[in-house]
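Take a look at the structure below.
The values are calculated or read from the model by the stated rules, or taken from the named source; none is laboratory data. This one's a predicted model, so the numbers in the text were calculated from it and none came from an experiment. Cβ: placed from backbone, ideal geometry, glycine included. Neighbour counts: every protein chain shown.
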Amino acid sequence: MTTSLSDPSQQHQRREHGLMLALVSPALLVILALIVLPVGWLAWQSIYHDGFTLENYRRVFTEDLYWRSFALTFEISLAVMVIALLLGYPVAYLANSVPKGWSILILSLVVLPFWTSVLVRAYAWLALLQRTGVINQFLRYLDVIGEPLALVHNVFGTVVATVHILLPFMVLPLYATMQKIPNDLMQAGASLGASPSLTFMRVFLPLSLPGVLAGCTMVFVLCLGFYITPELLGGGRTVMVSMLVSRNVELYNQFGAASAVAVVLLLCVLAIFFVVSRFISLDRVLGQK
Amino acid sequence: MTMRQSFRLGCALLGAIGLTGAADAAEQITFVSQGGAYQQAQTVAILDPAARKLGITINQDSIPDAWPAIKTQVGSGKPIWDVVDTPTGNCLRGGEQGLIEKLDFSKIPNGAAMPEAYRSPYSVSYEFYSSVLSYSQKTFPKDAPNSWADFWDVKKFPGRRALRNHPFATLEAALMADGVPPDKLYPLDVDRAFKKLEEIKPHITVWWTSGAQSAQLLNDGEVDMEMAWNGRVSAVAKEGAKVAFTYNEGILQSTSLCILKGAPNLETAVKFLNEAVDPVHQANLPLHIDYGPGNPKAFETGVIKSERAAQLPSEPANAAKQALMSYAWWSSPAGEAAEKRWASFMQK
């Protein structure tokens, strides 16, 4: 086939490409203006302040303060990810195995808290977890404890509230993956004499792993940047990286010091996505296909 | 309407806007404060009366933290704000960095009449608040903690405690707890202060970051005593919570007025600044909110009744019990180093 302009199918394709580009361009412009340019400007400020400087990065890599915050942030993110997986997997499994009406109910219960602001949910946890909060008062009423437990203003309270906020990001990719596992495979396993738990372990679980990886990546990466929850529920001691960013603006009176921290965090996130992309397609994580 | 008609109308409208704009430009300023109930109180007590008296228009803007905006606006070479009400430290370091106009006090007689500790070459005190020791009256119905030494005494005063997650006022409180008199604090002995803070650290339940949070902690009984701003404690008490505070060894802090370098309406701004610290306007402020006037002469005007005066942080007898924060020290290199040390202290 020739590739001359007169070829009608080629022309058609070309026109379609042009149309697509025209349709996508407003969105691309918004992304360029609101994400690419500011992030670029941010990165630029971290290395340029009255001349080129690596001072901001020297600080991030040599001062204990930053190392401790990064370590704490990764620990918390890991804990949140594991807990969200342990809680989210059974929920997704249940939603996948019940009739359609029920699964819609379960999924809407998972998504419902999404529409409540993060700030409101943080205060709700405060009302539940604090010394005079619902849980402590109930336990004291039952005489289970003498002194109120320290459930909040520490890492524990931060992790609990963060898991609550991020749980949908675990359940939805898991559910989407489970939906695509053909039921025939389970029946085939059963017909070959495997017990339900064996078919689950040998057939269902391995097939759901892409969903596990997608959910874990989402939760972990989102948790890395959490700010309001640790700020309100961490008691001031739980200093996560995002809080260092804001504190650096105050302390050094220039955006560069904060930008360097943000750039390092961004690079961590990109590195995580890079590693994950070696195992599953990124579309799967981001688009929840 | 034809194209030409609408074009003419458009031109006429633009011209009208331009004209009124020009007429206003001579007699207007943009004033910036921190918003909320505080800015409303000022509008009634100070801004509206000052505008009437000077015959100027005061455009208002508000921002929780003016510092980054001051830097960006002056840095751009074309600031839009004239006068800013901001924590005094911002005026001082802004002055040092060439972001704030140096004031000519011969044009600001009301400011010139204020005690020297209440002004700087770049600013005049506008209002006072205090970081005080507050406590729950449920936990301490009598023999309440009355000094920072009491706050540090976990045996005599058992209970949960909170401090602000910030070195301002906290280092001062630690030094007073260690026996430094309120008028001998500066320059702060930073090592000594942090050593004393290490002592109380295991007993601090929460290091609060916002004023709202400190109020919630006290209101919900999450802590039995804490450092908090006087206005926050009295607001909680007004809502019926059994809480109280003492001005004894409080740390008296202020916001000040200063003018952006290259402000668009410099002359009017100076006139306004003088009017804003006028003793009578200043005396009106505490009738609307729990902050003390920045000009101590306000207490001599007779506008503030003596019962009300006794509740205010900057009332002379109350002020005498407290330490006056030195913003000059906090914006010095030693102060900035202490501020940076805070973050690592919190993490350990």
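Residues of the range B:322-333 that are out of contact with any Gly (no Cβ under 7 Å at 6 or more places or on another chain), more than 15 Å from B:Arg119 (Cβ to Cβ) and either surrounded by 20 or more Cβ atoms within 10 Å (Cβ to Cβ) or modelled with pLDDT of 95 or more (or both): B:Ala323 alone. Selection of the range B:294-348 for residues being basic (Lys, Arg) and away from chain A (no Cβ under 14 Å) yields B:Lys297, B:Lys305, B:Arg308, B:Lys321. Exactly one residue out of B:Lys184, B:Lys201, B:Lys195 is among the basic types (Lys, Arg), over 19 Å from the mean Cα position of the chain (by Cα), on the phi < 0 side of the Ramachandran plot and within 14 Å of chain A (Cβ to nearest Cβ), and it is B:Lys201. Within the range B:204-220, is there a residue that is polar (S, T, N, Q) and part of a loop (DSSP other than H, G, I, E, B)? Yes, there is a match, as at least one residue in the range B:204-220 is polar (S, T, N, Q) and part of a loop (DSSP other than H, G, I, E, B). Scanning the range B:247-265 for residues being over 19 Å from the mean Cα position of the chain (by Cα) and either on the phi < 0 side of the Ramachandran plot or not assigned by TED's automatic domain parsing to the domain that holds B:Glu315 (or both) gives a total of 5. Yes or no: B:Ala343 at pLDDT 90 or above and in the same structural domain as B:Ser134 (by TED's automatic domain parsing)? Answer is no for this residue. The residues on offer are B:Ser131, B:Ser125, and the sole one that is among the small types (Gly, Ala, Ser) and within 19 Å of B:Val236 (Cα to Cα) is B:Ser131.
Exactly one residue among A:Leu86, A:Leu105 is away from chain B (no Cβ under 12 Å), without any contact (Cβ under 8 Å) to a residue 24 or more places away in the chain and under 21 Å from the mean Cα position of the chain (by Cα), and that residue is A:Leu86.
Checked against the criterion of being over 16 Å from A:Leu251 (Cα atoms), within 14 Å of chain A (Cβ to nearest Cβ), under 13 Å from the mean Cα position of the chain (by Cα) and not charged (D, E, K, R), the range B:67-80 has no qualifying residue.
Of all the residues in the range B:224-234, those that are under 19 Å from B:Tyr291 (Cβ atoms) and either at pLDDT below 90 or not in a helix (DSSP H, G or I) (or both) number 3. For the range A:137-146, state whether one or more residues are in a helix (DSSP H, G or I), closer than 25 Å to A:Gly234 by Cα and within 12 Å of another protein chain (Cβ to nearest Cβ). Yes: the range A:137-146 contains one or more residues that are in a helix (DSSP H, G or I), closer than 25 Å to A:Gly234 by Cα and within 12 Å of another protein chain (Cβ to nearest Cβ). Flag set for B:Ser210, criterion: surrounded by fewer than 18 Cβ atoms within 10 Å (Cβ to Cβ), within 14 Å of chain A (Cβ to nearest Cβ) and among the small types (Gly, Ala, Ser). Got at least one residue in the range B:154-162 being surrounded by 18 or more Cβ atoms within 10 Å (Cβ to Cβ), aliphatic (A, V, I, L, M) and assigned to a strand (DSSP E or B)? Yes, the conditions are met somewhere in the range B:154-162.
The set of residues in the range A:46-96 being more than 30 Å from A:Ala214 (Cβ to Cβ) and of a type in the set (S, T, N, Q) consists of A:Ser46, A:Thr53, A:Asn56, A:Thr62. Within the range A:120-148, the set of residues being at pLDDT below 90 and aliphatic (A, V, I, L, M) comprises A:Val144, A:Ile145. Return yes or no: is B:Pro87 under 18 Å from the mean Cα position of the chain (by Cα) and free of Cβ contacts under 8 Å to residues at least 24 places away in the same chain? No; evaluated as a whole, the condition is false for this residue. Highlighted here are the helices (runs of 4 or more DSSP H) found entirely within the range A:1-104 that include at least 3 residues which are under 30 Å from A:Leu205 (Cβ atoms): A:64-97.
Listed here are the helices (runs of 4 or more DSSP H) enclosed by the range A:205-275 that have at least 2 residues being more than 14 Å from every other protein chain (Cβ to nearest Cβ) and without any contact (Cβ under 8 Å) to a residue 40 or more places away in the chain: A:205-224.
Out of B:Leu257, B:Leu273, one residue alone is in a helix (DSSP H, G or I), in contact (Cβ under 8 Å) with a residue 60 or more places away in the chain and crowded, with 24+ Cβ neighbours inside 10 Å. It is B:Leu273.
A:Arg131 meets each of the listed conditions (1) outside any helix (DSSP H, G or I); (2) crowded, with 19+ Cβ neighbours inside 10 Å; (3) more than 14 Å from chain B (Cβ to nearest Cβ) apart from (3).
Let's see how each residue does on (1) surrounded by 21 or more Cβ atoms within 10 Å (Cβ to Cβ); (2) under 27 Å from B:Ala149 (Cβ atoms); (3) touching a residue at least 24 places away in the same chain (Cβ under 8 Å); (4) not hydrophobic (A, V, I, L, M, F, W, C):
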position: B:Glu199; (1), (2), (3), (4): no, yes, yes, yes
position: B:Pro202; (1), (2), (3), (4): no, yes, no, yes
position: B:Thr205; (1), (2), (3), (4): yes, yes, yes, yes
position: B:Glu222; (1), (2), (3), (4): yes, yes, yes, yes
position: B:Met225; (1), (2), (3), (4): yes, yes, yes, no
position: B:Val233; (1), (2), (3), (4): yes, yes, yes, no
position: B:Val243; (1), (2), (3), (4): yes, yes, yes, no
position: B:Tyr247; (1), (2), (3), (4): yes, yes, yes, yes
position: B:Gln282; (1), (2), (3), (4): yes, no, yes, yes
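In the set A:Asn248, A:Asn253, only one residue is modelled with pLDDT under 85, surrounded by fewer than 20 Cβ atoms within 10 Å (Cβ to Cβ) and more than 17 Å from the chain's Cα centre (by Cα); that residue is A:Asn253. B:Gln322 falls short on exactly one of the conditions (1) farther than 20 Å from B:Pro181 by Cβ; (2) touching a Ser or Thr at 6+ places or on another chain (Cβ under 8 Å), and that condition is (1).
Residues considered: B:Ser123, B:Ser131, B:Ser33. Of these, the only one that is within 30 Å of B:Pro145 (Cα to Cα), in contact (Cβ under 8 Å) with a residue 12 or more places away in the chain and more than 14 Å from chain A (Cβ to nearest Cβ) is B:Ser131. Within the range B:141-153, the set of residues being surrounded by 19 or more Cβ atoms within 10 Å (Cβ to Cβ) and either out of contact with any strand residue (DSSP E or B) (no Cβ under 7 Å at 6 or more places or on another chain) or within 14 Å of chain A (Cβ to nearest Cβ) (or both) comprises B:Asp150, B:Trp152. Against the definition (on the phi > 0 side of the Ramachandran plot and either in contact with a helix residue (DSSP H, G or I) (Cβ under 8 Å, 6 or more places away or on another chain) or basic (Lys, Arg) (or both)), how does A:Gly215 come out, yes or no? It is false that A:Gly215 is on the phi > 0 side of the Ramachandran plot and either in contact with a helix residue (DSSP H, G or I) (Cβ under 8 Å, 6 or more places away or on another chain) or basic (Lys, Arg) (or both).
Based on what the data block shows, is A:Thr177 among the hydroxyl-bearing types (Ser, Thr, Tyr), more than 29 Å from the chain's Cα centre (by Cα) and surrounded by 14 or more Cβ atoms within 10 Å (Cβ to Cβ)? No; evaluated as a whole, the condition is false for this residue. When restricted to residues that are on the phi > 0 side of the Ramachandran plot and of a type in the set (Val, Ile, Thr), the range A:120-149 contains 0.
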